[in-house]
Amino acid sequence: MEQRFLNPSVLAAISGLELVAKTVVDGFISGLHRSPDFGFSQEFAEYRAYAPGDDLRHVDWNVFARTERAYLKRYRGETNTLVTVLLDASKSMAFSSHSVPKIDYARYIAASLTYLAHHQRDAIGVVVFDDEVRDYVPPSGRQGQMARILHAIERAEPGTRTDFAKPFVLCQDLLRRRGIVVVVSDFWESPETVIRTTEPLRFRGNELVLLHVLDPEEIRPSLREPRILLDMETGDSLQVTPEYARHEYPARMEAHIAGLRSKAQAAGIGYFLAVTNRALDECLREYLSIRQGRM
């Protein structure tokens, strides 16, 4: 699949979150087949080229339709890994400077990660939160679970302000079996607070990954004249000049991102930045790289 088909603005035109997730994951797998780094993906499924005499029932026909190459799926068996995606649906996630708001990009990621885990035969779950837990689908591998997950992700709409403390205390009670927890958020909070509130999930033996979703304008804003900016969650206002936007703000933003990354890594937590104009398969690649300890 060509990279342009995994561009978030193209995916936004696809009707249905399930089709988006399937498009992203199939495109990601196709890319792995062409990559010299394909070996690192063996965690989710082992693939090998078809050879005469192989059972055609094990051919991945979705991949064949996109690559015209026949690969056999060779699962390691039921993994029993629990994969839970925590999706931030706070009001700031509604921001967008282009065709894909952060909440939509986060939905695409959440759907793709759970679809990929489902592809691995892992048990999947989702938690939607802002200052409260708004929706919860417990991790499960039972029939119909993917549909339940996608329905919960579809329902996620930007609500109130972010408050990591209360939802994450509840998550500690909800997620009693250890597994993989991926937090998809814009993390508009101090790095110290983010790590302090998420780290207890790591203490319980969970593998924890922070997926930091930001709009390009939040990293390097382009202002040509002074503007009054409003905080989407608090309503606070701030007058900003083009000079501040060009110089001081980017430095502060880079410090925030670097601080969150370094504190996460020091705590044994995976971290990567997902900018909303970035192709979705790159996020999946980084996610698996983190899981392989290559970040």
Peptides 253-266, 179-192 ordered by average Cβ neighbours within 10 Å, highest first
179-192, 253-266
Once VAL169 and SER222 are pulled to full extension, the length gained, defined as 0.36 nm per residue separation minus their Cα-Cα distance, is 15.3 nm
Local charge sum around ALA156 (other residues, Cβ-Cβ under 11 Å, Lys/Arg +1, Asp/Glu -1)?
-3
Whose amide H sits under 5 Å from the amide H of VAL85, counting only residues 5 or more places off or on another chain, with H placed in the peptide plane?
GLY125, VAL126, VAL127, VAL182
Quick one: check the C-alpha center-to-center distance for segment 6-30 versus segment 165-213, whole angstrom.
27 Å
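Take peptides 119-132, 149-162 and line them up by average Cβ neighbours within 10 Å, highest first, as a rough protection proxy. Don't jump to the answer; show the numbers that get you there.
Working: 119-132: 21.4, 149-162: 18.2.
In descending order of packing, they fall as 119-132, 149-162.
Using a 10 Å cut-off on Cβ atoms, rank the peptides 166-174, 281-289 from the highest mean neighbour count down. Intermediate results must be reported in sequence, preceding the final value.
On the way: 166-174: 16.0, 281-289: 20.8.
Per-residue mean Cβ counts within 10 Å order the peptides as 281-289, 166-174.
Compute the FRET efficiency between PHE203 and ARG161 as 1/(1 + (r/R0)^6), taking r as their Cβ-Cβ distance and R0 = 30 Å, and round to the nearest 0.05. Provide the component values of the computation, followed by the final result.
On the way: r = 26 Å, r/R0 = 0.88.
Computed FRET efficiency for PHE203 and ARG161 comes out at 0.70.
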Taking the convex hull of the alpha-carbon atoms of segment 82-291 and averaging its shadow over every direction gives an area in square nanometres of 11.1 nm²
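Expected output is a single nm value to one decimal: the length gained when fully extending between ARG176 and SER97, i.e. 0.36 nm times separation in residues minus the C-alpha distance. What is it?
Values: separation 79, 0.36 × 79 = 28.44 nm, distance 3.89 nm.
Separation in residues times 0.36 nm, less the Cα-Cα distance, equals 24.5 nm.
Values quoted throughout were computed directly from the atomic coordinates according to the rules given, and no laboratory measurement underlies them. Everything numeric in this text was worked out from a predicted model, so none of it was measured. Cβ atoms come from the backbone with ideal geometry, glycine included; neighbour counts cover every protein chain shown.
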